[in-house]
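Q: Structure incoming, see below.
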Amino acid sequence: FASAVREPYTVFPLDIRQSEVRTVEEAVASFLQPEKLNMQDKKASKHVRVTHWPDVLVLHLKRFMFDENGASKILKRLAFPERLNMQSEARPTVGTEEVVYSLIAVVLHHGKQPSEGHYTAM
């Protein structure tokens, strides 16, 4: 059994908790990998497949972790180039044109909890 949902994607929510994720490129690659789902007696997975790259791509670094003890901020540095080449993540169905994004803005959260602090844009 398979199901597919097509929807426009302009924001990639990137999970940066994994120790092997040290760059934005690695976070994007991880986001695009199939994810195994915990089902009782069935094998299942889900994944994002990009068929058309948006003109503007927003990368949301998920800096807060929530668990039974509450929320905590992930204080981790990630390398981010001024030009992000997504050609290696492009599928053959996307085409052969270059997929490169330029960094134009960054929004920073100042504070240790999601319910406090403030944001600045650069």
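The values are calculated or read from the model by the stated rules, or taken from the named source; none is laboratory data. Note that the structure is predicted; figures quoted are calculated from it, not measured. Ideal geometry is used to build each Cβ from the backbone, glycine not excepted, and the neighbour counts take in all protein chains shown. SASA here: full protein model, heavy atoms, side chains in, ligands and nucleic acids out. Shrake-Rupley method; radii C 1.70, N 1.55, O 1.52, S 1.80 Å.
Q: Looking at S3 and the list (1) at pLDDT below 85; (2) surrounded by 14 or more Cβ atoms within 10 Å (Cβ to Cβ), which single condition is not satisfied?
A: Failed condition: (2).
Q: Oh, and also: Taking A105 as the residue in question, decide whether it is free of Cβ contacts under 8 Å to residues at least 40 places away in the same chain and open to solvent by 70 Å² or more (accessible area, probe 1.4 Å).
A: no
Q: A27 fails exactly one of the following numbered conditions: (1) assigned to a loop (DSSP other than H, G, I, E, B); (2) aliphatic (A, V, I, L, M); (3) surrounded by 12 or more Cβ atoms within 10 Å (Cβ to Cβ). What is the number of that condition?
A: Against the list (1) assigned to a loop (DSSP other than H, G, I, E, B); (2) aliphatic (A, V, I, L, M); (3) surrounded by 12 or more Cβ atoms within 10 Å (Cβ to Cβ), A27 comes up short only on (1).
Q: Every residue in region 53-80 that is among the β-branched types (V, I, T) and farther than 20 Å from R22 by Cβ, please.
A: Within region 53-80, V56, V58 meet the criteria.
Q: Would you check which residues across region 33-63 are of a type in the set (A, V, I, L, M, F, W, C), assigned to a strand (DSSP E or B) and either open to solvent by 90 Å² or more (accessible area, probe 1.4 Å) or modelled with pLDDT of 90 or more (or both) and list them?
A: Those that are of a type in the set (A, V, I, L, M, F, W, C), assigned to a strand (DSSP E or B) and either open to solvent by 90 Å² or more (accessible area, probe 1.4 Å) or modelled with pLDDT of 90 or more (or both): V58, L59, L61.
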